[in-house]
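Undergrad: Can you keep this structure in mind? I'll have questions shortly.
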Amino acid sequence: MIKILIDTTIIYELLTEEGKGGPYFKLAEAIKSQKITGVISVVTLTELINILGKDIYKGKIDELISTKLVIVDTDQAIAICAGELRMNQKLFTGDSLIAATGIIENIKHILTNDADFDAVRNLIKPINLKTALKMAG
């Protein structure tokens, strides 16, 4: 089993993909079968509420919370690390908090479509969905 930090954009796609058999359905299955331990920052919940909108978010957030994803709260160590990333790497605050979550939790990879995470690739390596599914075996 591999532990992967999952960015908000990927979780959004996972929650909104239509039908079964698509790439994000395969990710959901890998998490459900524990081939991947999916970890998200609590910041992802905040971002999803904004992205999904008030008519949709409640059901989707409840759906997300009931999955096997590990949701990590922001603590002092994550906040300090995020501040350093924001200052030194010029990441947006949300991205800094997400990256810091993975770094403090000692996670080696972040599954993302966001090129902004390339700035921290020496601390947590950005990977795409195809790579994550391949790593899951």
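Just so you know, all these numbers are worked out from the coordinates, no wet-lab data involved. Only a predicted model underlies this, so the values are computations on that prediction, with no experimental measurement involved. Virtual Cβ from ideal backbone geometry, glycine too; neighbours counted across all protein chains shown.
Undergrad: Roughly what angle does helix 93-104 make with the longest principal axis of the chain, taking Cα atoms, 0 to 90 degrees, to the nearest 10?
TA: That helix lies at roughly 90 degrees to the long axis.
Undergrad: Ratio of alpha-carbon Rg to the 2.2 N^0.38 Å globular estimate for the chain, to two decimals, please. Spell out each step's value before the answer.
TA: Numbers: Rg = 14.2 Å, N = 137, 2.2 N^0.38 = 14.3 Å.
Rounded to two decimals, the normalised Rg is 0.99.
Undergrad: Any of K26/K90; K20/K90; K26/K108; K32/K130; K68/K90 with alpha carbons more than 29 Å apart? Name them for me.
TA: Values: K26/K90 33 Å; K20/K90 38 Å; K26/K108 21 Å; K32/K130 17 Å; K68/K90 32 Å.
Where the Cα-Cα span goes over 29 Å, the pairs concerned are K26/K90; K20/K90; K68/K90.
Undergrad: Can you tell me the length gained on complete extension of the stretch I2 to M87, counting 0.36 nm per residue apart and subtracting the Cα distance?
TA: Values: separation 85, 0.36 × 85 = 30.60 nm, distance 3.01 nm.
So the extension gain works out to 27.6 nm.
Undergrad: Go ahead and run the numbers for FRET between K130 and I80, Cβ-Cβ distance against an R0 of 41 Å, rounding to 0.05. Write out the running numbers ahead of the final one.
TA: Numbers: r = 34 Å, r/R0 = 0.82.
That gives a FRET efficiency of 0.75.
Undergrad: Mind pulling the angle between the C-alpha long axis of helix 23-32 and the longest principal axis of the chain? Nearest 10 degrees, somewhere in 0 to 90.
TA: 80 degrees
Undergrad: Could you give the nm distance between label points at R121 and K68, where each point is 7 Å from its Cα heading toward the beta carbon?
TA: 3.0 nm
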